[in-house]
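**Q** For reference, the structure I am asking about is given below.
The values are calculated or read from the model by the stated rules, or taken from the named source; none is laboratory data. This is a predicted model, so every value here is computed, not measured. Note that each Cβ is placed from the backbone with ideal geometry, even for glycine, and that neighbours are counted across all protein chains shown. Please note that ligands, DNA and RNA were not included when accessible areas were found on the heavy atoms of the full protein model with its side chains. Shrake-Rupley method; radii C 1.70, N 1.55, O 1.52, S 1.80 Å.
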Amino acid sequence: MTADLLPALIAILLERPIEPHNCVVTLRQVRDERLARLLHYRLAKLSDATRREHCYALLDELPEQAASELLRAPRLCQALRQGGDDGQQLATLIEAAHIAAGDEHLDDWSPLGHLWLGEAPPADTPGLTRIGRRWAGPRLACGVPIDLSLPPRLVHPSAGLRQASLPDRRRLDADRAAIDEALNLLCQTVPLGFDLYHGLVGNLVLRQEASRPHECWGATSGVVIGRVVMVNTSAATSPAMLAEALLHEAVHCALDCAELVHPLLDWERFADPAVNDTRPSPWTGNPLTPHAFIHACVVWAVLHRYWREYHARFVESPGSRERQRFIERGFAASAFMVSADHAGRFLSRTAPAIMARTREGLLEEKATV
């Protein structure tokens, strides 16, 4: 059942059957195909013919691996979804991808933000190591690179950062080791969750936040599909809770990929200012827009399955039952139906079935305990 819930929900959203073992592959294909089409559309619309032809020429020369990394880069997704600069961002990214695949130098980052392409490393950037002709940042054990290219405070996603700072090398290495341990636990507990993270996360951003030093949390954004921000990783109370946070963001990435085909927001209501009205989360009390609410329904239903599997495997470990009951209370709260009724006015025709399936799945879980 654990492996079937998310594929069943993705199948409702995509409006076609999804086999659990093909879920991640299907979502990657959706993402790559949609972004590749959008890339060619954006280039075709460039008013600068010289820039357009230059970009086409560089793309034609990209090796397959470099092209795959470019499509996986959250920065490309952002440039495609926001536009507005007549292709300058696209041209910069394509040029960086082309140079990263060869031996030339450029004082810029690779599209995934894990390689510095210049001859000398940039100042105040911890974690870079000289490998051949490049300065390379660290990767997780599963291969996901850590993005070192961004400023301390982010826009997409904002991640609740107010007093943000970059981790130093010691903290960077410790956070990476902790995340590797949590992902290994996730692989043992819910293999599909690990596959989602490994297959759909383009890069990882690590930050310290001084205003909430004892809290650990993650963030994603559909504007930059595949970018996962983890804040104060060292504050996670256990590897199991850190694994929950990683799975939480991986599920958002999965939904973001599927929404490239069928958005969860009803586009006929998109211009209505009330689409951004919020209701308190039935789980955390945080304000949720209709779109954020349906994402939360899916995320918390999947996390409930995670904790059930975790309890079955590690019976003696404390906290798993309490975490399940926390999630159950959210689905049973009156605030859930208030939020569902409000959200239903702005969401797509598939949304009611998705919201219902998350609650039904949870009831099935409780019935088998």
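**Q** Can you report the number of residues in region 305-362 which are among the β-branched types (Val, Ile, Thr) and either surrounded by 20 or more Cβ atoms within 10 Å (Cβ to Cβ) or in a helix (DSSP H, G or I) (or both)?
**A** 4
**Q** Here's something else I'd like to know. Could you please let me know if Glu209 is open to solvent by less than 50 Å² (accessible area, probe 1.4 Å) and over 19 Å from the mean Cα position of the chain (by Cα)?
**A** So Glu209 fits the description; yes.
**Q** Assigned to a loop (DSSP other than H, G, I, E, B) and in contact with a strand residue (DSSP E or B) (Cβ under 6 Å, 6 or more places away or on another chain) - does that describe any residue in region 219-237?
**A** Within region 219-237 (the criterion being assigned to a loop (DSSP other than H, G, I, E, B) and in contact with a strand residue (DSSP E or B) (Cβ under 6 Å, 6 or more places away or on another chain)), the answer is yes, since at least one residue qualifies.
**Q** May I pose another question? Is it fair to say Asp107 is open to solvent by 50 Å² or more (accessible area, probe 1.4 Å) and modelled with pLDDT under 95?
**A** Values: open to solvent by 50 Å² or more (accessible area, probe 1.4 Å): yes; modelled with pLDDT under 95: no.
No.
**Q** Output the number of residues of region 155-197 satisfying the condition of being open to solvent by 50 Å² or more (accessible area, probe 1.4 Å), without any contact (Cβ under 8 Å) to a residue 60 or more places away in the chain and closer than 20 Å to Cys253 by Cβ.
**A** Adding up the residues that qualify gives 4.
**Q** Given (1) open to solvent by 10 Å² or more (accessible area, probe 1.4 Å); (2) of a type outside the set (Val, Ile, Thr); (3) in contact with a helix residue (DSSP H, G or I) (Cβ under 6 Å, 6 or more places away or on another chain), where does Pro74 come up short, assuming only one miss?
**A** Unmet condition: (1).
**Q** Return a yes/no flag: does region 215-237 have any residue that is at positive phi and touching a residue at least 12 places away in the same chain (Cβ under 8 Å).
**A** Applying the first criterion (at positive phi) to region 215-237 yields 226, 232.
Now drop any that are not touching a residue at least 12 places away in the same chain (Cβ under 8 Å), which leaves 226, 232.
Yes, the conditions are met somewhere in region 215-237.
**Q** Quick check on my filter: what residues within region 113-154 are assigned to a loop (DSSP other than H, G, I, E, B), out of contact with any Lys or Arg (no Cβ under 9 Å at 6 or more places or on another chain), open to solvent by 60 Å² or more (accessible area, probe 1.4 Å) and more than 12 Å from Val205 (Cβ to Cβ)?
**A** Hits for region 113-154 are Ala120, Ala123, Asp124, Gly132, Arg133.
**Q** Give region 43-71 a look and list any residue that's of a type in the set (S, T, N, Q) and open to solvent by 60 Å² or more (accessible area, probe 1.4 Å), or say none.
**A** Ser47, Thr50, Gln65 - these are the residues of region 43-71 that are of a type in the set (S, T, N, Q) and open to solvent by 60 Å² or more (accessible area, probe 1.4 Å).
**Q** Return the total of residues in region 270-297 being under 23 Å from Arg34 (Cα atoms) and either in a helix (DSSP H, G or I) or modelled with pLDDT of 95 or more (or both).
**A** Summing the residues that are under 23 Å from Arg34 (Cα atoms) and either in a helix (DSSP H, G or I) or modelled with pLDDT of 95 or more (or both) in region 270-297 gives 4.
Quick grid of which residues meet (1) assigned to a helix (DSSP H, G or I); (2) over 23 Å from the mean Cα position of the chain (by Cα):
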| site | (1), (2) |
| --- | --- |
| Ile18 | no, no |
| Val25 | yes, no |
| Gln29 | yes, no |
| Asp32 | yes, no |
| Arg37 | yes, no |
| Arg42 | yes, yes |
| Tyr56 | yes, yes |
| Leu59 | yes, yes |
| Ala66 | yes, no |
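**Q** One residue is enough: does region 245-258 have a residue meeting the conditions at pLDDT 95 or above, more than 30 Å from Arg308 (Cα to Cα) and out of contact with any Pro (no Cβ under 6 Å at 6 or more places or on another chain)?
**A** no
**Q** With in a helix (DSSP H, G or I) and in contact with a Ser or Thr (Cβ under 6 Å, 6 or more places away or on another chain) as the only criterion, which of Ile99, Ile12, Ile94 stands out?
**A** Ile12
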